[in-house]
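The values are calculated or read from the model by the stated rules, or taken from the named source; none is laboratory data. Bear in mind that the values here come from a model prediction, so they are computed numbers and not experimental data. With ideal geometry, Cβ positions are generated from the backbone for all residues, glycine too; neighbour counts draw on all protein chains shown. Each accessible area value is taken on the protein alone, full model and side chains, heavy atoms only, with ligands, DNA and RNA left out. Shrake-Rupley method; radii C 1.70, N 1.55, O 1.52, S 1.80 Å.
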Amino acid sequence: MDNERIAELFEGLGPVSIRKLFGGKGIYFDGVIVAIVLRGELMLKADEQSAPAFEAAGCKQWTYTGSRHGKLVSMPYWSIPDSAFDDLDEMAVWARRAHEAGRRAGK
């Protein structure tokens, strides 16, 4: 996903900065990380408070199997509802949730 498309998707939140992160990209708003792009997939930050909304919308949480212990590790990033990619107003709602989760995390 190119930076122009990322900026377009986050227009409803405001201007974002994009930095290299984990071999992908970190998307920041107002100094707070709100999303990542990893292996071409855009994922929004969520927490205990906002994760139920992502789950209810059919989004998937980023998980991986730890190489040292073989256990499933859940990360605080979730996929975005497909409909939000075509509706910037809807995307703004999800982006605001991600920003709120980032602020609550203090990062």
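Structural remarks
- The lone exception for E11 - which of (1) in contact (Cβ under 8 Å) with a residue 60 or more places away in the chain; (2) open to solvent by 40 Å² or more (accessible area, probe 1.4 Å); (3) in a helix (DSSP H, G or I); (4) out of contact with any strand residue (DSSP E or B) (no Cβ under 7 Å at 6 or more places or on another chain) it fails: (3)
- Per-region count, segment 15-59, residues touching a strand residue (DSSP E or B) at 6+ places or on another chain (Cβ under 8 Å), at pLDDT 95 or above, not acidic (D, E) and not in a strand (DSSP E or B): 6
- Qualifying residue in segment 75-88 (condition: touching a residue at least 40 places away in the same chain (Cβ under 8 Å), within 22 Å of R5 (Cα to Cα) and in contact with a Lys or Arg (Cβ under 9 Å, 6 or more places away or on another chain)): yes
- Which numbered condition H99 misses (of (1) at pLDDT 95 or above; (2) over 14 Å from the mean Cα position of the chain (by Cα)): (2)
- Within segment 60-100, the only residue that satisfies the criterion of being hydroxyl-bearing (S, T, Y) and crowded, with 19+ Cβ neighbours inside 10 Å is Y77.
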